[in-house]
Amino acid sequence: MGLRAGIAVGIVAGIAGCDCYGIRRAPSGIAEAGAGPDSGALADASDESHGRDAGDAPPDPDGGTAADAAVPGDLDGDGHAGVESGGADCDDADPEVHPFADEREEWTTEVVDEDGGQYTSIALAADGTVHITYYDKEDGALRHAFGESGGWTRETVDDDSAGAWNSLALDATGALHVTYSTPRDPELRYATNVTGSWQRQILERAGNAGPWSSIAIDADGRVHVAFQYSSSGDLGFATNASGPWTFETVDWFGWKGSYAALGLSADGSAHIAYLETWFGGAEDASVLHATNASGDWTTEEIEAHGGAPAIGIGDDGVVHVVFADRDDGLTIADDGAGAWEVGASSGLATVRNDLAVAAQGLHVVSEEAGADFDVWQDVVYSTYGSAWSRTRIDRGLYPSIALGDDGALHVAYWNRHLDELMYARRDLPDGVDQDCNGVD
């Protein structure tokens, strides 16, 4: 199934052939794109960036269109004179390159598993294989899907009423490491296939440990995990860096550790972004950062009114955090100047965020906040270089993102209304400045 990025559509929850919100449910179980309603709040790949229909001819600088029979100096017949003739067409030998051409890359989406897909976590192997772990709520199981677009293999990691709050990472050998929890009476669990088959163990039962687990692997293959002790609201940290698993309480007093997101610096020091909610409510939440870079844990506040943090560390060592500012929407912060600085906000209200850091900027996938959990909610891709831009990918919840070495973006998410695990992909810009604006 391939859907253009951001087509504002619903997905049918009923029988084949229903045209609900512009998606028709095919008898084969594949959702087909239709022409659903669009709120217009986000850039949609189905619309031209200048408010024209996709089938409209692009405007000419003189007010005409590409349909004009002849434009002086237009050698490729696209309706725009080349720069050699005083026009603005930067490649007058290619009719697909001209001012106002649509340069945005498309998101394609497909169903990976038709039977569940909550709490997605996505990671890429060195050979480009996509790995996704997710929770099958109906069967109470942690699942693993792997492969690539059009060909997926699925397996069960743990079917003992577990899989919520899962987090996936791959080590240098390509072995998988997953932390997760039981949704009721939480306990922190860990699974790995480093021996060639899945081995599972309970890491921590005390304090209802396990919600909001986040895993990272250092260069030596040692495992580090951030999580919450949900009975006390403390932020916990576990590692097997010294051989046996050890546990620490990083932050306490108040309600700490919700939305814990862990990243590792090149030297192996841990950085955790998380929430502090004094009374357990989102309205009281602050975004905090904890690190053991000095040898001891230190904590500091990033933003006094935020939520849903995600963390990423660039090759330059700068720690980046994105979060949902209660007033200004999706917001960035970093410690690049030696202290935390809160930067630009996009205005997009989000519930969950995930972050991938590239040299050219930040890539964020978010679950857009809805007025009611029972209404459709969007998975939105945002990118920040010198300014924010965003595109709606699809309807869904629990999004996660991974950035390939080739620059391709990979997103996993859950279609709540059909209870399906979904996968979306967008390839890198192709190196051609299609719209002649000086930027690929």
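Looking only at the range 246-263, how many residues end up being in contact with a strand residue (DSSP E or B) (Cβ under 6 Å, 6 or more places away or on another chain) and in a loop (DSSP other than H, G, I, E, B)? Residues that pass the stated criteria total 3.
Tell me, which strands (runs of 3 or more DSSP E) lie completely within the range 280-352 with 2 or more residues that are over 23 Å from Asp218 (Cβ atoms) and in contact with a Lys or Arg (Cβ under 8 Å, 6 or more places away or on another chain)? Before the answer, list the steps.
On the way: elements: 285-291, 298-303, 306-313, 319-325, 329-334, 341-345.
Qualifying strands (runs of 3 or more DSSP E): 306-313.
When Val319 is tested against the conditions (1) surrounded by 20 or more Cβ atoms within 10 Å (Cβ to Cβ); (2) farther than 30 Å from Gln201 by Cβ; (3) modelled with pLDDT under 95, the lone failure is (3). When the range 396-425 is examined, which residues are found to be surrounded by 21 or more Cβ atoms within 10 Å (Cβ to Cβ) and farther than 22 Å from Arg154 by Cβ? Scanning the range 396-425 gives a single hit, Leu409.
Only one of Trp255, Trp212 is crowded, with 20+ Cβ neighbours inside 10 Å, at pLDDT below 95 and touching a Phe, Trp or Tyr at 6+ places or on another chain (Cβ under 7 Å). Can you tell me which? Show your work before the answer.
On the way: Trp212 fails: at pLDDT below 95.
After ruling out the rest, the residue left standing is Trp255.
The values are calculated or read from the model by the stated rules, or taken from the named source; none is laboratory data. No experiment lies behind these values; they were computed from the predicted model shown. Virtual Cβ from ideal backbone geometry, glycine too; neighbours counted across all protein chains shown.
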